[in-house]
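The values are calculated or read from the model by the stated rules, or taken from the named source; none is laboratory data. Quick caveat, the model's predicted, so the values are computed rather than measured. Note: ideal-geometry Cβ built from the backbone for every residue, glycine included; neighbour counts use all protein chains shown. What goes into the accessible areas is simple: the full protein's heavy atoms, side chains included, and nothing from ligands, DNA or RNA. Shrake-Rupley method; radii C 1.70, N 1.55, O 1.52, S 1.80 Å.
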Amino acid sequence: MITKNVEKALNEQIKREENSSRLYLAMASWAERAGYPGAADWLYVQTEEERLHMLKLVHYINDRGGNAAIPALEAPKTGFKTLLDVFQIVLKHEEFISASINDLYAVCITEKDFTTANYLQWYINEQVEEESTVRSILDQIRLAGTDKGGLFMMDKEFGTRALAKRAALAAAGGTGQAT
C-alpha cells in the first residue's frame with residue numbers, strides 16, 4: 001500500500017503526463033498545418049507515449065491499493081512560430097517533467113516507499129532518453145537554419161523516427177499497463 005503523500009505526488013504526475021500529451025497534440029496539429037507532416041507524426045506519437053506514461057501511473061496506483069485521480073483537462077499552449085520554437089518548448093517541457101519525476105522520487109525516499117522509488121527508475125531512464133533525443137533534434141534544426149531544403153530533409157527524418165517509435169510502442173503492448 002502506498003502512503004497518502006506518495007499517492008498525492010503520483011496523482012500530480014498523472015496530471016503532468018496528461019498535460020504533456022495535450023501539449024504534444026497541440027504541437028502536432030500546428031506542425032501538420034505548417035507543412036511539416038513528419039514532425040507532426042513524430043509529435044502525434046509523443047502524444048500517445050505520454051498518454052501511456054499516464055496510464056502506467058494510473059494502473060500502478062490502483063495496483064498498490066491507492067486511488068488514481070483523473071485530472072481536469074487544461075488547454076495547452078497553441079501559439080507556435082517555427083519548428084525550432086516547437087522543439088525548444090519540447091526540451092524545456094521535458095526538463096520540467098524530469099525535475100518533477102526527481103521530486104516524486106524524493107517523496108518516495110522520504111516516505112520510505114522504496115517499491116515506488118524502484119518503479120520510478122523506468123521514468124527516470126525514459127527522461128534521460130527523451131531529453132537526449134530532443135537535444136539531438138534541436139541540433140539538427142539549428143544546423144538546417146532557415147534552409148528550406150534542410151528543413152524538408154529534417155521533416156522526412158521525423159517521419160522515419162515516428163515509424164520506429166510507433167513500432168516500439170506497439171511492441172510494448174500499447175496498454176500502459178505496468179509490467
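Worth pointing out:
- Which numbered condition Thr110 misses (of (1) at pLDDT below 95; (2) open to solvent by 80 Å² or more (accessible area, probe 1.4 Å)): (1)
- Which numbered condition Trp30 misses (of (1) at pLDDT below 95; (2) closer than 26 Å to Lys148 by Cα): (1)
- The single condition among (1) within 19 Å of Glu48 (Cα to Cα); (2) of a type outside the set (Lys, Arg); (3) open to solvent by less than 80 Å² (accessible area, probe 1.4 Å) that Thr78 does not meet is (3).
Every residue, every condition in (1) buried (at least 20 other Cβ atoms within 10 Å of the Cβ); (2) assigned to a loop (DSSP other than H, G, I, E, B); (3) of a type outside the set (Val, Ile, Thr), yes or no:
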site: Glu17; (1), (2), (3): yes, no, yes
site: Ser20; (1), (2), (3): yes, no, yes
site: Ala26; (1), (2), (3): no, no, yes
site: Glu32; (1), (2), (3): no, no, yes
site: Glu48; (1), (2), (3): no, no, yes
site: Leu52; (1), (2), (3): no, no, yes
site: His59; (1), (2), (3): no, no, yes
site: Asn67; (1), (2), (3): no, yes, yes
site: Pro71; (1), (2), (3): no, yes, yes
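- Whichever residue in segment 81-107 is acidic (Asp, Glu) and surrounded by fewer than 17 Cβ atoms within 10 Å (Cβ to Cβ) and, among such residues, is farthest from Ser132 (Cα to Cα): Asp103
- Test: residue in segment 155-178 that is in contact with a His (Cβ under 6 Å, 6 or more places away or on another chain) and over 18 Å from Leu23 (Cα atoms): yes
- Count of residues meeting criterion [open to solvent by less than 10 Å² (accessible area, probe 1.4 Å) and not hydroxyl-bearing (Ser, Thr, Tyr)] in segment 114-126: 2
- Tally of residues being without any contact (Cβ under 8 Å) to a residue 24 or more places away in the chain and in a helix (DSSP H, G or I) across segment 129-162: 13
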